[in-house]
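The values are calculated or read from the model by the stated rules, or taken from the named source; none is laboratory data. This is a predicted model, so every value here is computed, not measured. FYI the Cβ positions are ideal-geometry reconstructions off the backbone, even for glycines, and counts take in every protein chain you see.
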């Protein structure tokens, strides 16, 4: 089952106070121009669900999309590049940081990296920043079609090896992904589906003891 298949735009917010009340969320984040919007459009089988621009850094707000299981996918602003005034950039950084570390409904992070240039300094900073939440991270090595099959295998192995120190402290998984070739869609669904299933089980167990329990930011 493709959780993303019938995703629908729900809302966009620019301040934490405007975040919607949702049961559970997964968030997509990555360096500007890493292929995040294209990955979202490929997963949802929707050409223009997430805005794709030749100019990096055009996702400027937090965009929410409702999934077929009633949960939500969140498209976060890209980091590392944006031709915008410093005041706006500062606002993005705070908005992104506060959301990632404070949002209780966030159950996992999908981190997009260009397979040709993985594990840049800002990517590693994101892992450092997010690990205190205790939530899992799934890395998509996007644009894998730009590499030969042999290069793909080597890159995947090299990234996993480099991430070993991080994997001792947080749950991290990695895969190759190509929007152009529709490569890796099923694997993303399996990982994210497991996150939602685990979360639902935890909530069911929690609600047995307290039926009135609910979560919010």
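Residues in region 103-160 that are out of contact with any helix residue (DSSP H, G or I) (no Cβ under 7 Å at 6 or more places or on another chain) and in a loop (DSSP other than H, G, I, E, B): 103, 104, 105, 117, 120, 134, 135, 143, 148.
Checking each residue in region 7-45 for being assigned to a loop (DSSP other than H, G, I, E, B), in contact with a strand residue (DSSP E or B) (Cβ under 9 Å, 6 or more places away or on another chain) and either within 19 Å of residue 193 (Cβ to Cβ) or at pLDDT 95 or above (or both) picks out 7, 19, 20, 22, 23, 24.
For residue 207, the criteria (1) out of contact with any helix residue (DSSP H, G or I) (no Cβ under 8 Å at 6 or more places or on another chain); (2) modelled with pLDDT of 95 or more; (3) surrounded by 12 or more Cβ atoms within 10 Å (Cβ to Cβ) hold in every case but one, which is (2). In region 161-178, of all residues being touching a strand residue (DSSP E or B) at 6+ places or on another chain (Cβ under 7 Å) and in a helix (DSSP H, G or I), the one that is surrounded by the fewest Cβ atoms within 10 Å (Cβ to Cβ) corresponds to 166. Taking the criterion of being farther than 14 Å from residue 178 by Cβ, surrounded by 15 or more Cβ atoms within 10 Å (Cβ to Cβ) and over 12 Å from the mean Cα position of the chain (by Cα), the residues of region 97-117 that qualify are 99, 103, 105. Within region 54-95, the residues that satisfy the criterion of being more than 21 Å from residue 34 (Cα to Cα), assigned to a loop (DSSP other than H, G, I, E, B) and modelled with pLDDT of 85 or more are 67, 68, 69, 70, 71.
Would you confirm whether any residue within region 179-197 is under 15 Å from the mean Cα position of the chain (by Cα), surrounded by fewer than 16 Cβ atoms within 10 Å (Cβ to Cβ) and outside any helix (DSSP H, G or I)? No, region 179-197 has no match at all.
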